[in-house]
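Take a look at the structure set out below.
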Amino acid sequence: MLKKRLIFTLLYDSGYFSLSRNFRLQRVGDLRWLKENYNFEYISRYIDELIVLDVSKEKREIKEFSKILKELTERIFVPISSGGGIRKFEHAKILLESGADKVIINTSIFKDIDLINNLASEFGRQCIVGSLDIKKEKDGYHFYISNGRESVKKSIHEIDNILKECPLGEIILHSIDRDGTGQGYDLNSLSLINKDINIPIIISGGAGNSKHFIEGLRHNMVDAASSSHLFNFVGDGLKKAREQAIKNNILLAKW
């Protein structure tokens, strides 16, 4: 049986790391602040992966972000996924050359599948993570792109077919409604993913404590659970979350 994964996500916004609540950003501190408050050499012992996303809503500077990524991850020995605004092959290549093991794609899933095919052909589909941002509205769930600003005008059936054709190594299913609330994951949203797709799923949006990680990881469709809340898991937060998950018989790697 494959082991499940605990993931921590960092949100980068134009030079600062931020908190997000329903995709509204609150800047917390720059790279210096992050290093002073988070010992990532220590934290990396208690997570299985780290995600670093550029969620800047103004003009993105891929070269500046890549420098931050490289400096942040140079002494971290866990897999790194990174993305945010990847629209060109060169953008993904820069991130992979700056410390990322995988790149995260959102908008291009629906607008430029050729880019994803080219990336998968060059680097392997295991390097491509599809990020699906969802929001529950009166008529059901809707998928969003472009930092949550644009609704995808496609039916669930159409999206299902896109995901079947798209060469993704795994999927992040992120709830905009639960984002930053600390109210737990929207596990009902997992019904949006056709089980026949058979792609590992990372549940994201809403984790505020160890209990939420455990609830997410217990679901049979969930392969990994992620949180981006900087303050809920400061200090020994991630260490304790992992210990609690293992005590509750979640199959995580032990070292």
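Computed values, structure above
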quantity	calculated
Counting DSSP beta bridges with both ends in the range 1-128, the antiparallel % (nearest 5)	35 percent
Computed over the range 1-74: relative contact order in percent, which uses C-alpha pairs under 8 Å that are six or more apart	38 percent
For the chain, share of DSSP beta bridges that run antiparallel, in % to the nearest 5	30 percent
Sparse-neighbour loop sites [chymotrypsin sites (Phe, Trp or Tyr not before Pro); the range 1-94; at most 11 other C-beta within 10 Å; DSSP]	Phe77
Derived scalar couplings ³J(HN,Hα) [the range 141-151; Karplus, 6.51 cos²θ - 1.76 cosθ + 1.60; whole Hz; x for Gly, Pro]	7, 10, 9, 10, 10, 6, 6, x, 9, 10, 7
Tensor-based shape of the range 123-224 (alpha-carbon gyration tensor, a/c under 1.5 rounded, otherwise prolate or oblate)	oblate
Value of relative contact order over the chain, rounded to a whole percent, pairs C-alpha under 8 Å and six or more apart	20 percent
For Cα extents along the principal axes in Å, calculated from these coordinates, the label among (1) 51, 39, 33; (2) 43, 40, 35; (3) 61, 52, 31	(2)
Given 11 as the ceiling on other Cβ atoms within 10 Å, longest exposed-site-free region of the chain for GluC sites (Glu not before Pro) in DSSP loops	75-255
Interchain or long-range residues, amide H under 5 Å from Val52's placed H	Leu10, Ser81, Ser82, Gly83
Straight-distance crosslink candidates among lysines, where the alpha carbon sits under 18 Å from Lys254 and sequence neighbours closer than 8 are dropped	Lys3, Lys4, Lys239, Lys240
Cα shape, the range 1-59, gyration tensor, a/c 1.5 rule	oblate
Built amide H within the under 5 Å cut-off of Lys57, gap 5+	none
Size of charge dipole - the range 123-255 - debye, nearest 20, with Cβ of Lys, Arg +1 and Asp, Glu -1, no other charges	380 debye
Probe 1.4 Å - accessible area at Leu69, Å² to nearest ten	0 Å²
Candidate lysines - alpha carbon under 24 Å from Lys153, same-chain residues fewer than 8 apart omitted	Lys57, Lys88, Lys111, Lys135, Lys136, Lys138, Lys164, Lys195
Cleavage-rule hits (chymotrypsin sites (Phe, Trp or Tyr not before Pro)) in the range 129-190: DSSP loop, at most 13 neighbouring Cβ within 10 angstrom	none
Within the accessible area of the chain (1.4 Å probe), percent carbon and sulfur	45 percent
Relative contact order, percent, the range 50-91 [alpha-carbon distance under 8 Å, six or more residues apart]	63 percent
Table column - 3J(HN,Hα) (Hz), the range 76-87, Karplus curve with 6.51, -1.76, 1.60, x for Gly and Pro	10, 10, 10, x, 10, 10, 8, x, x, x, 6, 10
Amide hydrogen neighbours beyond the local backbone of Ser146, cut-off 5 Å, H modeled	Thr107
Per residue, in Å², the accessible surface of the range 70-182 once ligands and nucleic acids are set aside, probe 1.4 Å	46 Å²
Sparsely packed trypsin sites (Lys or Arg not before Pro) within the range 192-231, loop by DSSP, other Cβ within 10 Å at most 16	none
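The values are calculated or read from the model by the stated rules, or taken from the named source; none is laboratory data. Note that the structure is predicted; figures quoted are calculated from it, not measured. Cβ atoms come from the backbone with ideal geometry, glycine included; neighbour counts cover every protein chain shown. Surface accessibility is based on the protein's heavy atoms, side chains included, excluding ligands, DNA and RNA. Shrake-Rupley method; radii C 1.70, N 1.55, O 1.52, S 1.80 Å.
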